[in-house]
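Chemist: One structure coming up, written as structure tokens, with questions to follow.
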Amino acid sequence: MIAITTADGLTHCLDSAAAIATYSGSPATVAALQAAYDAGQWQPYTPPEPEPEPPGPDWQNFRLALMVNSAFRAWAATLPADWREDLKSCAILCNVEALQSTYTYLASLYPPGPAASAEWQAIADATHIPVMFSQVESE
């Protein structure tokens with residue numbers, strides 16, 4: 001690629017000098033590009049690398065990490081079985097909104113300790129699961 005700077009100070013990036021002839025701008029722009037190129041007002045151009053996409057959620061490792069976390073297992077054991085299954089189903093279905101609302105509700109009734117919440121938040125952060133395991137005040 002090349003970057004051509006025309007007399008009016010605008011820079012145009014083209015694949016090559018040959019691309020000037022097929023430029024889709026006005027005839028005046030094409031003429032200005034050719035004149036700037038002929039006058040040496042161009043330089044090689046390498047486009048910047050695109051920003052890498054953030055990693056996606058790693059639900060499998062999230063569920064596994066919680067499953068083997070002793071604090072999570074102890075807390076989950078205090079929940080009624082059907083509510084524990086609801087929480088587990090939200091994670092299995094990879095449903096962030098349902099998981100968040102279910103956890104928030106259950107944590108308000110069965111508050112986990114702050115250390116446990118911090119451990120679970122670290123797991124969520126490491127696996128890129130956008131759930132907040134912050135300490136919830138009891139109602």
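Chemist: Heavy-atom accessible area per residue, segment 31-139, 1.4 Å probe: how many Å²?
Modeler: On a per-residue basis, 63 Å².
Chemist: Quick one: Debye curve from the alpha-carbon atoms of segment 26-133 only, equal weights, vacuum; give me log10 I(q)/I(0) at q = 0.12, 0.19 Å⁻¹ to two decimals.
Modeler: Each listed q maps to, in turn, -0.49, -0.96.
Chemist: Determine the order of TRP75, TRP42 by accessible area, beginning with the largest, at a probe radius of 1.4 Å.
Modeler: The ordering from most to least exposed comes out as TRP42, TRP75.
Chemist: Further question on the same structure: If SER24, SER134, SER70 are ordered by their accessible area, calculated over protein heavy atoms with a 1.4 Å probe, which sequence runs from highest to lowest?
Modeler: I get SER24, SER70, SER134, largest accessible area first.
Chemist: Sort PHE62, PHE72 by heavy-atom solvent-accessible area, probe 1.4 angstrom, most to least.
Modeler: Result, largest first: PHE72, PHE62.
Chemist: Given the protein chains as shown and a 1.4 Å probe, how many square angstrom of ILE123 are accessible, to the nearest 10?
Modeler: Accessible area, nearest 10 Å²: 30 Å².
Chemist: Give me the percent of the accessible area of segment 43-121 that comes from carbon and sulfur atoms, probe 1.4 Å, all protein chains in place.
Modeler: Within segment 43-121, the accessible surface is 61 percent carbon and sulfur.
Chemist: With all protein chains present, calculate the accessible area of MET67 using a 1.4 Å probe and round the result to the nearest 10 Å².
Modeler: Roughly 110 Å² of MET67 is accessible to a 1.4 Å probe.
Chemist: Still on this structure, please answer the following. Sorted by average packing, counted as other Cβ atoms within 10 angstrom per residue and highest first, what order do 102-114, 6-18 take?
Modeler: Going from most to least packed, we get 102-114, 6-18.
The values are calculated or read from the model by the stated rules, or taken from the named source; none is laboratory data. Note that the structure is predicted; figures quoted are calculated from it, not measured. Positions of Cβ are backbone-derived with ideal geometry, glycine not excepted, and every protein chain shown enters the neighbour counts. We work out accessible area using only protein heavy atoms, side chains counted, and drop any ligands, DNA or RNA first. Shrake-Rupley method; radii C 1.70, N 1.55, O 1.52, S 1.80 Å.
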